[in-house]
1. Does the range 229-264 hold any residues that are farther than 19 Å from Ser104 by Cα and assigned to a loop (DSSP other than H, G, I, E, B), and which are they?
2. Of the conditions (1) away from the ligand (no atom under 16 Å from the Cβ); (2) part of a helix (DSSP H, G or I); (3) loosely packed, with under 15 Cβ neighbours inside 10 Å, Asn21 fails just one. Which one is it?
3. Among residues belonging to the range 351-372 that are touching a residue at least 60 places away in the same chain (Cβ under 8 Å) and in a loop (DSSP other than H, G, I, E, B), point out the one that is surrounded by the most Cβ atoms within 10 Å (Cβ to Cβ).
4. Going by the conditions given, is Ser284 on the phi > 0 side of the Ramachandran plot and small (Gly, Ala, Ser)?
5. Tyr226 fails exactly one of the following numbered conditions: (1) assigned to a loop (DSSP other than H, G, I, E, B); (2) touching a helix residue (DSSP H, G or I) at 6+ places or on another chain (Cβ under 6 Å); (3) surrounded by fewer than 23 Cβ atoms within 10 Å (Cβ to Cβ). What is the number of that condition?
6. Would you please name the residue that is nearest to Phe365 (Cα to Cα), looking only at residues in the range 24-56 that are assigned to a loop (DSSP other than H, G, I, E, B) and within 12 Å of the ligand (Cβ to nearest atom)?
7. Restricted to the range 7-18, and to residues that are in contact (Cβ under 8 Å) with a residue 12 or more places away in the chain and assigned to a helix (DSSP H, G or I), which residue is nearest to Ser372 (Cα to Cα)?
8. For residues in the range 209-230 being among the acidic types (Asp, Glu) and in contact with a strand residue (DSSP E or B) (Cβ under 9 Å, 6 or more places away or on another chain), which is nearest to Asp188 (Cα to Cα)?
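The values are calculated or read from the model by the stated rules, or taken from the named source; none is laboratory data. The structure displayed is predicted, hence computed values, not measured ones. Here Cβ is always computed from backbone atoms with ideal geometry, including for glycine, and neighbour counts include all displayed protein chains.
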Amino acid sequence: MFKHIDFYPGDPILGLVETYNQDPRAEKVNLGIGIYFDKNGNLPVLDSVRHAEEERAATARPRPYLPMEGLAEYRLAVQKLLFGNNCSALSENRIATIQTLGGSGALKIGADFLHRWFTTARAYVSNPTWDNHKSIFEGAGFEVGTYPYYDPVSGNVLFEEMLAFFESLPENSVLILHPCCHNPTGVDLSSNQWDKVLEVIQNRKLIPFMDIAYQGFGENLEDDAYAIRKAVVMGLPLFVSNSFSKNLSLYGERVGGLSVVCPSEEEAKLVFGQLKLGVRRVYSSPPAHGGYITARVMNDGELFSLWEKEVYAMRDRIRLMRRKLYEVLSAKIPEKDFSYFITQRGMFSYTGLNPAQVQRLQDEFAVYLVASGRMCVAGLNDNNIDYVANAFAIVLK
Ligand code: LMR
């Protein structure tokens, strides 16, 4: 009965976690999946989250379904974080926001919506991008193309090529963009470059879909939202998927959001209704616990300040690891320029290692990276960095 079914070779990122977990070697290092580990290699529980959870656990409460769109206070928190406090689109009720099952859930509901209402549109992802962007948009029925982004030779963005490509696209083409901490390369656009990209998007009437999963890990919470806020100021229609998995260390709670910035309040109401329908069809309503915790941390002044410090401490530790890796590798192989480890931003670094070298790291050293050469810098710590750098140096020689 099921013999005709295609074999699933596994997900390039989640499959690697399965292999890593089964690896019995004590020295193993997980630099595959985008998860922040602390200086001892543990998944942190943030103090801000712990306080909010203790408060909530103090009283046993009934567990009704949340509304299809999620908690009102959560949705408000998402809006404030993404768009800032003085956003005119917010005061004009032009932004439809729903709570979603992580960033992936937001991408799925957004992709379903777009495919339903812009039937002939194509979607474009950066080359390269997070693998699941393509999967989710294809799963929603889109034909997915790529736009030029990363230049493996220079390690920079192929900016002119990217702009020219956007110029060539028909109206309503959907562009999946990374406002900060590009996954997988760690190579971001400058604010000047964003200004130019947004101008082309406006002139060509393209649909920007910004996926922000690392807000706070690049520069800071405000600057990392530059492209989003600029697009709103320019009056562009805009989709934003966001995730609290990393910056609240709440991976398994599935806390994300989808916001659609519309030209008018009337349109925002129509969009909001369709997003609710989209949720109802797929999973009915989002889970409650992570939503309450997130909303509490974001909306309480003291918890928010505490959280901000915790996000910046994670960011700074990642930066420190970048610098250390750069220093150790530069000392070992002085003829090679490793400065890209420092200039790339966020959790990921595109190491330039090829699939054979990545495989060697895994086989000989139990050091796990995604086959593309993407490394999660947040998996490094003082105990494993010399070991990893040494392994890198051996496979690079
Ligand atoms: C990653 O890119 O490693 C993370 O976003 C986790 C995931 O779901 O792939």
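1. Within the range 229-264, Met234, Gly235, Leu236, Pro237, Cys262, Pro263, Ser264 qualify.
2. Single failed check for Asn21: (1).
3. Among them, the one singled out is Leu369.
4. yes
5. (1)
6. Only one residue tops the list, namely Leu31.
7. We begin by selecting, within the range 7-18, every residue in contact (Cβ under 8 Å) with a residue 12 or more places away in the chain; these are 11-14, 16-17.
Still in the list and also assigned to a helix (DSSP H, G or I): 14, 16-17.
Numbers: Leu14: 14, Leu16: 12, Val17: 15 Å.
Among those that are in contact (Cβ under 8 Å) with a residue 12 or more places away in the chain and assigned to a helix (DSSP H, G or I), it is Leu16.
8. Asp224
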